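**Q** Please see the structure below; I have some questions.
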Amino acid sequence: MGSQVYASGIDPQGLGVILQRGYIILTLFYIPIGILFWFSKPVFLALGQEEFISEWSCKFLRLLIPGGLGYIYFETTKKYLQAQGFSPSLVYLIQGIMHASSYVLLITSPINVVLNYLFVYTFKFGVLGAPAATGITYWLSFLGLVLYARFVDGSKPWGGWSKRAFRGWGIFSQLALLGFLMVGTEWLAFEIITIEAGKLGTIPLAAQSVIATSDQLFNTIPFGLGVAASNRVGNLLGARKASRGATAAFVAAWTSVLFGGIIMAALLIVKSQYGKLFSVFVLRERFLL
């Protein structure tokens, strides 16, 4: 939606209105999620998890609630900047706002490492230091994007706070629901496996966590292609270049299949050695301690 509005050039501040609408609606959507996080222990117990896992997972999620809101604002602002991928008058000229989030994360990622070490080891918060450090990093990332848009590039479509942000919630919510179903069902498939692994004990759960984390890491390649394709196709459609948009979607789809095949083949080749890599790291840590 945002990329089409921006590339059309019909409503110069339309993208800013969509950003404001996103802030408001997603904040409201986050309220029930925050409540679920706070009272998650009975939910974990009902799903058959051990008392220890349920209790500490609940504590972890409670500390993650404030940071989750910062993550929402960061992602919303990132989409706002990415939608300005190229000029409405020069449809094929790629601009640098697509790189804004990368620049910010290059700064906040090392800060996250330092904060995790300080909270977990120096301040002796243990495992609960991780969500606290992560939450601070999310808010710093959001602040970094705001500063980039304000002082570098991306503030032109903002146009100030507008009452228009309180209109059009129905269409926005419908699109959000469809996006939730597409992404949520994919994540749910992995979470179901994690929940079932938790019933088998801490060691199977740890093994599943390694696989799930690795999947998220490898998934960044096709996910990045999807983000680029979404904005590219949206801009082309907004600029009334439907044929070019279809070509961009076709290229993105087949490129994702190509990279997915390469990743799958690589994992199948090293399937017998992959788990040993993490075991070596654990043994080294125990030896050093």
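The values are calculated or read from the model by the stated rules, or taken from the named source; none is laboratory data. Given the structure is predicted, the values throughout are model-derived calculations rather than measurements. As a convention, Cβ positions derive from the backbone with ideal geometry for all residues, glycine included, and neighbour counts pool all protein chains shown.
**Q** Being part of a helix (DSSP H, G or I), under 30 Å from G201 (Cα atoms) and of a type in the set (F, W, Y), is that true of even one residue in the stretch 19-36?
**A** At the first step, the residues of the stretch 19-36 found to be part of a helix (DSSP H, G or I) are 19-36.
Filter once more, keeping what is under 30 Å from G201 (Cα atoms): 32-36.
If we keep only those that are of a type in the set (F, W, Y) as well, we get none.
Taking every residue of the stretch 19-36 in turn, none turns out to be part of a helix (DSSP H, G or I), under 30 Å from G201 (Cα atoms) and of a type in the set (F, W, Y).
**Q** When you scan the stretch 212-227, do you find a residue that is farther than 17 Å from M182 by Cβ and crowded, with 18+ Cβ neighbours inside 10 Å, even just one?
**A** Checked the stretch 212-227: no residue is farther than 17 Å from M182 by Cβ and crowded, with 18+ Cβ neighbours inside 10 Å.
**Q** Does the stretch 122-168 hold any residues that are over 16 Å from K79 (Cα atoms), of a type in the set (S, T, Y) and in contact with a helix residue (DSSP H, G or I) (Cβ under 8 Å, 6 or more places away or on another chain), and which are they?
**A** Scanning the stretch 122-168 gives T134, T137, S162.
**Q** Let me ask something else about it. With the requirement that a residue be of a type in the set (K, R) and either at pLDDT below 95 or farther than 21 Å from F29 by Cβ (or both), what does the stretch 50-66 give you?
**A** K59
**Q** Is it true that some residue in the stretch 108-123 is under 29 Å from A229 (Cα atoms) and in a loop (DSSP other than H, G, I, E, B)?
**A** The answer is no; no qualifying residue exists.
**Q** Could you check the stretch 38-73 and list, in sequence order, the residues that are part of a helix (DSSP H, G or I) and more than 26 Å from the chain's Cα centre (by Cα)?
**A** Once the filter is applied, which keeps residues that are part of a helix (DSSP H, G or I) and more than 26 Å from the chain's Cα centre (by Cα), the stretch 38-73 yields P42, L45, A46, E51, F52.
**Q** Kindly indicate whether any position in the stretch 155-172 is outside any helix (DSSP H, G or I) and of a type in the set (A, V, I, L, M, F, W, C).
**A** First, pick out the residues of the stretch 155-172 that are outside any helix (DSSP H, G or I): 155-162, 167-168.
Next, only the ones that are of a type in the set (A, V, I, L, M, F, W, C) stay: 158, 161.
Yes, the stretch 155-172 contains a residue that is outside any helix (DSSP H, G or I) and of a type in the set (A, V, I, L, M, F, W, C).
**Q** One residue is enough: does the stretch 146-163 have a residue meeting the conditions at pLDDT 80 or above, surrounded by fewer than 16 Cβ atoms within 10 Å (Cβ to Cβ), at positive phi and touching a Lys or Arg at 6+ places or on another chain (Cβ under 7 Å)?
**A** Within the stretch 146-163 (the criterion being at pLDDT 80 or above, surrounded by fewer than 16 Cβ atoms within 10 Å (Cβ to Cβ), at positive phi and touching a Lys or Arg at 6+ places or on another chain (Cβ under 7 Å)), the answer is no, since none of the residues qualifies.
**Q** Identify, please: which residue in the stretch 167-176 is over 16 Å from the mean Cα position of the chain (by Cα) and surrounded by 12 or more Cβ atoms within 10 Å (Cβ to Cβ) and is, among those, farthest from D11 (Cα to Cα)?
**A** In this case the residue turns out to be S173.
**Q** For the stretch 127-139, indicate whether the set of residues that are without any contact (Cβ under 8 Å) to a residue 60 or more places away in the chain, surrounded by 15 or more Cβ atoms within 10 Å (Cβ to Cβ), of a type outside the set (V, I, T) and in a helix (DSSP H, G or I) is non-empty.
**A** yes
**Q** For G48, only one of the following conditions fails: (1) among the small types (G, A, S); (2) touching a residue at least 24 places away in the same chain (Cβ under 8 Å); (3) buried (at least 16 other Cβ atoms within 10 Å of the Cβ). What is its number?
**A** Unmet for G48, out of (1) among the small types (G, A, S); (2) touching a residue at least 24 places away in the same chain (Cβ under 8 Å); (3) buried (at least 16 other Cβ atoms within 10 Å of the Cβ): (3).
**Q** Out of the residues in the stretch 68-97 that are of a type in the set (A, V, I, L, M, F, W, C) and within 19 Å of G245 (Cα to Cα), which is modelled with the highest pLDDT?
**A** My answer is A83.
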